[in-house]
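What follows is one structure encoded as structure tokens, with my remarks underneath.
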């Protein structure tokens, strides 16, 4: 499916980091199956695998906050992916642009870009 | 240890993405144990857990290509970390600045910043 060998883990997942193409901000980390990666490449919109719902996950399918994937990169040992995306709305269900909007000390560092009550 | 609850997986790992503070480039994805995160915060230099060597890994301990950690962020559900770092040399053992220096189609997109034969 790809020209580079990918090392899916024993659960057939590979972690994928989404990065905003314009701002360079790291938006989220989620997991991808072979099917999710294939759908991403076929449709040009980011797909992941929801481990909590145990199903293929078209990011933004409910909220409209889709990610147009401009490039998919792979790391040196083939066990992690990087989606370079144009993010519609915000990546995080909390309304923040990025899921990484807090430090480990609990300080908020990110920007809220929508009101989740309006979306979900 | 942190003010935010972290969700380590059943192997007591949590994935950590390293991002260059200046360029915004995503440098690598590796795994962190509670001890690795504590060492990172105590020393200010990125520590991970090497799953292949099964030991605590001080990034750059051998190569000198350390990562000075300016901030540690956590995602919305507490199961992924983001290290914002000043990278000395390159993050990748292949000599590239980033481990994500290829597309899944095998095209090289990153920049080689050192000759690995000089370092390892």
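The values are calculated or read from the model by the stated rules, or taken from the named source; none is laboratory data. What you see is a predicted model, and the numbers here were worked out from it, not measured in a lab. Here the Cβ is made from the backbone with ideal geometry for all residues, glycine too, and neighbour counts use every protein chain on show.
Looking at A:49, A:96, can you tell me which residue is more than 10 Å from chain B (Cβ to nearest Cβ), under 21 Å from residue B:17 (Cβ atoms) and in contact with a strand residue (DSSP E or B) (Cβ under 9 Å, 6 or more places away or on another chain)?
On the way: A:96 fails: more than 10 Å from chain B (Cβ to nearest Cβ).
The conditions single out A:49.
Note on the stretch A:78-93: residues that are crowded, with 22+ Cβ neighbours inside 10 Å and within 8 Å of chain B (Cβ to nearest Cβ) total 4. When B:75, B:54 are checked against the criterion of being facing chain A (nearest Cβ under 10 Å), over 13 Å from the mean Cα position of the chain (by Cα) and closer than 25 Å to residue A:74 by Cα, B:75 stands alone in meeting it. Would it be correct to say that residue A:111 is under 28 Å from residue B:2 (Cα atoms), more than 10 Å from chain B (Cβ to nearest Cβ) and modelled with pLDDT under 95? When the stated conditions are applied, residue A:111 passes them.
When residue B:69 is tested against the conditions (1) surrounded by fewer than 20 Cβ atoms within 10 Å (Cβ to Cβ); (2) under 24 Å from residue B:113 (Cα atoms); (3) more than 9 Å from every other protein chain (Cβ to nearest Cβ), the lone failure is (1).
Quickly run through the stretch B:9-34 and pick out the residues that are surrounded by 15 or more Cβ atoms within 10 Å (Cβ to Cβ), in contact (Cβ under 8 Å) with a residue 60 or more places away in the chain and more than 8 Å from chain A (Cβ to nearest Cβ).
Filtering the stretch B:9-34 down to residues surrounded by 15 or more Cβ atoms within 10 Å (Cβ to Cβ) leaves B:13-21, B:25-34.
Still in the list and also in contact (Cβ under 8 Å) with a residue 60 or more places away in the chain: B:14-21, B:25-29.
Scanning the stretch B:9-34 gives B:14, B:16, B:18, B:20, B:21, B:27.
If only residues of the stretch A:35-46 that are more than 24 Å from residue B:98 (Cβ to Cβ) and surrounded by 14 or more Cβ atoms within 10 Å (Cβ to Cβ) are counted, the one that is farthest from the other protein chains (Cβ to nearest Cβ) is A:45. Filtering the stretch A:99-109 to residues that are free of Cβ contacts under 8 Å to residues at least 24 places away in the same chain and in contact with a strand residue (DSSP E or B) (Cβ under 8 Å, 6 or more places away or on another chain) leaves A:101, A:102, A:103, A:104, A:108, A:109. Of (1) within 14 Å of chain A (Cβ to nearest Cβ); (2) surrounded by fewer than 18 Cβ atoms within 10 Å (Cβ to Cβ); (3) touching a residue at least 40 places away in the same chain (Cβ under 8 Å), residue B:62 satisfies all except one. Which? If we test residue B:62 against (1) within 14 Å of chain A (Cβ to nearest Cβ); (2) surrounded by fewer than 18 Cβ atoms within 10 Å (Cβ to Cβ); (3) touching a residue at least 40 places away in the same chain (Cβ under 8 Å), just (1) comes out false.
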